[in-house]
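Derivation of every value follows stated rules applied to the coordinates shown; laboratory data play no part. Note that this is a predicted model, so its numbers are computed, not measured. Cβ atoms come from the backbone with ideal geometry, glycine included; neighbour counts cover every protein chain shown.
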Amino acid sequence: MTKPKCCCVIAVVFCLIVLSSDAGASGKAAFTVKDAIEMVTFSDPYTRSSDAEAQESPDGHGFVVVTTRGILETNQLESSLWYFSRDELNTFLSRKRTAAPEPRLVFRQRGVPIAMQTNSYGSLITDVRWSSDSSSVMAQVEQPDGNLHLFRIRIATGNVKDLTPGHRVDVRAATAGGGTVAYLFKSVDAVEKSPARDDVAIDRTGQSLYHILFPKSFPYGGPVSEPWRLKIRSSSGSFDLPAQPGVYFPITAVHSFRPVISPDGHYVLTAISVPDIPTSRRSYETAQGAGITKDGQSALGPSGRTYDWPWQYALVDVRKRRAAPLFNAPTGYVAGYGDVLLASWSNTGDRVIVINTYLPIDTQDAAAHSIRPCAIALYDVSNSRASCVVKGTSPGKNVYLLSATFASSGAKIVTQWLEGSKERIRTYVSTNGEWYELSSAIRDTAHDSVRLYLHQDIDEPPTMWASNGLEEKLLWDPNPKIHNTRLGKGSVYTWTDSSGYTWHGGLILPAPL
């Protein structure tokens, strides 16, 4: 029998809610190990932070959330994908109905988790993303061998399709739109077992630390710099990028940028490694004030397998199966700029916004001593022209761009900024080819449209709440019986030792008798 792992996944939750062995004077039952294992927690939103919001569909008609619980009898986890209708939420929040609408189960996966988890709210269903037409979601679903396959799940019917069947692959950053699907993948091969003799030297070059230390739990010991590729599937067939042998999708972009498909499915905005760093790039200024040069860069260079080599946005023509740089300039990622790395298409698919990128030297002020990246750059596919909508800000100002999208008409660009602890919405318009700020206002979340958000923490049982800015109501308590048990109180403490090192620790008080 496979070594039990369910308790390990939920151990943090269990340990932080102290158990006792009797009912006590309060008359409430003791919170047991079985209760801890079988407690339903929210895995998507994937966080312990209060007010983390559920994903709303692009058309605004509904929301999806993922829950996970342990099954003690079968030694498994059970992860479920649920859907909430916006119309039903509006009726509930407008007091037209007193009972909260129940979530609709769309998909469920059970199994013993093998893939590495970094959070006690880990799940068999991860990285859930809506399709652009809101008809389905893409999700990574863990298979019995521990690999993550890409599933497309239809919201209305619950129909499920494994887009990577029969392959030993891991997938990331899946997206779909216009009849085209794109995702990152890497082949996963089992590593040879260690020799039985302890005195034999073993070559561990390129294997992950997890496999070296825990070969039974992590039998697939892939290299630290994973060779990722981009798979694109459309009605005309499928192909992989990059096409050159030994060249891969930039490893830093794997973790920071998700490819974006145009509305008609004809283009994919993706990432490729900068092929070279010419001397002229010394004019590009990093966040530390230095220039981007070859000095100190890895010898592997543009292979895509190093963390310190620059990468750039690129446009894939799906019909021609060809990728080309959006403009010959790197993003601000390795230069230390903190704006998010995102792209957004116009409704017509003829223009695309990219965030945090330099523009080519010849399109900027050549006389400038140093050049910073654009916070927002605009690329016109029809004429291959690029322009800078908003210049990047200095990291020292504590202002970061969170998003930038076209308004429905395409005539305006709406942006969201983090300024210190507040969020600001800025809108830009273009006149005679020049962009300027039309409006600016602090985001007032109290008067937003319908929001679904969770509360769960080390000593706060998971609950889902709904709000429309006027009403705030408890929507879903997936563990109603937990209120009949006695729970401990957890607190986080911070202190500094005699050497000046700062420590953070948790203090768990026993449940009251």
field: Restricting segment 67-151 to trypsin sites (Lys or Arg not before Pro) in coil, as DSSP defines it, with at most 12 other Cβ within 10 Å
entry: Arg95, Lys96, Arg97
- request: Quick one: which residues, 5 or more positions from Lys412 or on another chain, have an amide H under 5 Å from its amide H? H modelled 1.01 Å from N in the peptide plane, none for Pro or chain starts.
  value: Ala407
- prompt: In nm, what is the difference between 0.36 nm times the number of residues separating Ser440 and Thr463 and their Cα-Cα distance?
  reply: 4.9 nm
message: For a quick check: sort Met116, Met464 by the number of other beta carbons within 10 angstrom, fewest at the front.
response: Met116, Met464
- request: Please report the orientation-averaged projected area of segment 467-513, defined via the convex hull of its C-alpha atoms, in nm².
  value: 6.7 nm²
- line: With 0.36 nm assigned to each residue of separation and the Cα-Cα distance removed, Arg233 to His504 gains 92.9 nm
task: Measure off 7 Å from each Cα along the Cα-to-Cβ vector at Asn432 and Ser408, then give the distance between these two points in nanometres to one decimal.
output: 3.1 nm
- request: Convert each backbone phi in segment 331-336 into a coupling constant with the Karplus relation 6.51 cos²θ - 1.76 cosθ + 1.60 (shift: θ = phi - 60°), then list the ³J(HN,Hα) values in order as whole Hz, x for Gly and Pro.
  value: 6, x, 4, 6, 8, x
message: Output wanted: per-residue J couplings in Hz (rounded whole) for segment 134-144, from phi through Karplus 6.51 cos²θ - 1.76 cosθ + 1.60, θ = phi - 60°, x for Gly and Pro.
response: 6, 7, 8, 10, 9, 8, 8, 10, 5, 9, x
Contact order normalised by residue count of segment 81-138, Cα under 8 Å, 6+ apart, percent: 27 percent
statement: Between Trp228 and residues 5 or more places away or on another chain, the pairs with built amide H atoms under 5 Å apart involve Phe249
message: Amide H of Tyr337 versus every other amide H placed in the peptide plane: which residues, excluding those fewer than 5 positions away on the same chain, fall under 5 Å?
response: Ala287
- prompt: From the phi of every residue in segment 232-247, what ³J(HN,Hα) in whole Hz does the Karplus formula 6.51 cos²θ - 1.76 cosθ + 1.60 yield, where θ is phi - 60° and glycine or proline is x?
  reply: 10, 10, 9, 5, 8, x, 10, 7, 10, 9, x, 8, 6, x, x, 10
field: Under the Debye formula (equal points on every Cα, no solvent term), log10 I(q)/I(0) of segment 36-76 at q = 0.15, 0.19, 0.20 Å⁻¹
entry: -0.48, -0.66, -0.70
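How much FRET efficiency would the formula 1/(1 + (r/R0)^6) give for Ser491 and Lys96, where r is the Cβ-Cβ distance and R0 is 45 Å, rounded to 0.05?
Step by step, r from the Cβ atoms, then E = 0.65.
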message: If Rh is defined by the Kirkwood formula over all Cα pairs and Rg also comes from Cα, what ratio Rg/Rh do you get for segment 316-472?
response: 1.04
Segment Leu72-Gln244, extension gain: residue separation times 0.36 nm, minus the distance between their alpha carbons: 57.1 nm
